[in-house]
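Enquirer: I have a structure I would like to understand better, so I am pasting it below and will then ask my questions one at a time.
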Amino acid sequence: MDDINSTARLFSIEQKVLLTQTDTTVGFLSQNGTKLAHIKSRSQHKPFIKVYKDFKSFHKYGARIPKRQKNRIRRMKRSSFIIKNNSFRIAPIPLHSSLLRNLEWSYSTSANEAGKNFQRAFCEQKADIIVEDKRGLYEKSASNIYKINNKKIVRLR
């Protein structure tokens, strides 16, 4: 685990790509979407899911949820949502890492090559920082994705 007491060492964490166990599966996290797109070899125009550490951070960046859907979204775990072509997920930090606690949001994508399963060697080569606890890194199922508007919720995945 990391032991960081100085914020001076974290000045450029926003530009780094982290490999970590997320609330759903092994993932790359970064605030640099261009770098993630390059790693995954995918189009710059295809958006990533934006993961917030809590609802306070979500609202801080001006995001809004339709009033009729607020309670439902708060209760749904391991789920991602699309509202007006913006995708997001509220996910508590599963590791007690001071690196991840300092990020209020990050782009998230599964840690694999496009269309392939998790391969540790590939991921370690592409990541700038690896955050791992005693459980290690393991592949689980991806989050459910729901498209939301004022009237209904449609499950996409």
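Enquirer: How many residues are among the β-branched types (Val, Ile, Thr), surrounded by fewer than 20 Cβ atoms within 10 Å (Cβ to Cβ) and closer than 16 Å to residue 140 by Cβ if we restrict to segment 22-38?
Expert: Residues meeting the conditions: 1.
Enquirer: So, of the residues in segment 42-76 that are within 21 Å of residue 24 (Cα to Cα) and among the hydroxyl-bearing types (Ser, Thr, Tyr), which turns out to be nearest to the chain's Cα centre (by Cα)?
Expert: Among them, the one singled out is 52.
Enquirer: Would you please name the residue that is surrounded by the most Cβ atoms within 10 Å (Cβ to Cβ), looking only at residues in segment 39-95 that are touching a Ser or Thr at 6+ places or on another chain (Cβ under 7 Å) and basic (Lys, Arg)?
Expert: 89
Enquirer: Test each condition in (1) under 16 Å from the mean Cα position of the chain (by Cα); (2) modelled with pLDDT under 85 for residue 79 and report the one that comes out false.
Expert: With respect to (1) under 16 Å from the mean Cα position of the chain (by Cα); (2) modelled with pLDDT under 85, residue 79 is out only on (2).
Enquirer: Still on this structure, I have one more. Report yes if some residue within segment 17-35 is charged (D, E, K, R), modelled with pLDDT under 85 and more than 27 Å from residue 115 (Cα to Cα); otherwise report no.
Expert: Looking for residues that are charged (D, E, K, R), modelled with pLDDT under 85 and more than 27 Å from residue 115 (Cα to Cα), one finds none in segment 17-35, hence no.
The values are calculated or read from the model by the stated rules, or taken from the named source; none is laboratory data. Source: prediction; values computed, not measured. So basically every Cβ, Gly included, is an ideal-geometry build from the backbone, and we count neighbours across all protein chains shown.
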